[in-house]
Amino acid sequence: MSFLRKNYEWVQKGLKIVRQREIRAAFQSFQNKVQSKFRNIEAPLSIEDWLSYYEGRPEIVQPPNDFINKSNLPKVSILVLTFNNIIINKLCLRSIYCNTTYPNFEVIVVDNASTDETPVWLKTYSKTHSNLKLILNSDNLGFAGGNNQAAREATGEYLIFLNNDTVVTPGWIEKLLSHFQSDPGIGLVGPVTNATGNEALIPVSYTSPAEMEAFALDRATSMTMRAFDIRMLAFYCVMARKDQYENLGGLDERYAVGMFEDDDLAVSYHQQGLRVVCAEDVFIHHFQGASFEKLKSEKYQEIFAENRKKYEEKWGRVWEPYQLRKLL
């Protein structure tokens, strides 16, 4: 008697379960599409709403130093550059301390001569966060200069360059670090996001920070250790080894204000035979453009053209626009 005949009852039960799961999955897919349509017509929450959410959340209590010293976990330095936009600054830092579960980290904040209430708030906030180091510049050193300054002050083995217009998600450091530890040939690792100009952009349907975090956790599970090589990582969130970053000279400060420093650095890493990788299992929310939204369009285009020229002259190549990933 064949296997099917011997186990007919169990086969039938198995097929029934499969059909039920397929039906549930199909229904869930249909439901998600319908909800997505409705979400698309809802007004998105303001940045103030996002901030209220994180201000209402408890921060993760950091373990004592003796525990960290015995953990043998590499230290990670999170580098945040601020310039005005106090609400954005508050939101970014609150998300770090609400969602960072990795125990051995420090935060280096460099304020580039803000003229709003940001410096006062940062002073107050740093007093209650022993692993936050604050540097208040009297002059604006620009994006590259400020980040290089933060990197010099960092004591971590790994650096994370994090834009102030981002919101981090639970497990983000562990996931980024796991990619480094899986391949010594990796030089830079960055996450996927909802807003950027290359293949790191993915479609999202969330409308609130709580939904965003659930989305990130689902993706972390379904995409575990999946990654792909990428031409450039935008510096809204990038992890690097400190020694390699310093050996390559850091971000080139010839690029005024901002733009093209990340393109430039990626070329340096590639020329050293190091991989630049986008991690599919790490999602970071990005309020893209917050740093440049106050610049008039003409000024923005002027800076873009000037820095593009510097990039092309330095590397002897024509800069090509980036492509978005092809979605099924």
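The values are calculated or read from the model by the stated rules, or taken from the named source; none is laboratory data. Note that this is a predicted model, so its numbers are computed, not measured. Counting neighbours? That spans all protein chains shown, and the Cβs are built from the backbone with ideal geometry, glycine included.
Could you list, in sequence order, the residues of segment 56-101 that are part of a loop (DSSP other than H, G, I, E, B) and β-branched (Val, Ile, Thr)?
Ile60, Val61, Thr100, Thr101
Which fully enclosed helices (runs of 4 or more DSSP H) of segment 196-287 have 1 or more residues being more than 18 Å from the chain's Cα centre (by Cα) and modelled with pLDDT under 95?
Here the list is empty.
Here is a yes/no grid of residues against (1) among the polar types (S, T, N, Q); (2) outside any strand (DSSP E or B):
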| site | (1), (2) |
| --- | --- |
| Gln149 | yes, yes |
| Pro170 | no, yes |
| Lys175 | no, yes |
| Phe180 | no, yes |
| Gly187 | no, no |
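Let me spell it out: the conditions are (1) over 19 Å from Gln181 (Cβ atoms); (2) hydroxyl-bearing (Ser, Thr, Tyr); (3) touching a strand residue (DSSP E or B) at 6+ places or on another chain (Cβ under 6 Å), and Thr224 meets all of them except one. Which number is the exception?
The single condition Thr224 does not satisfy is (1).
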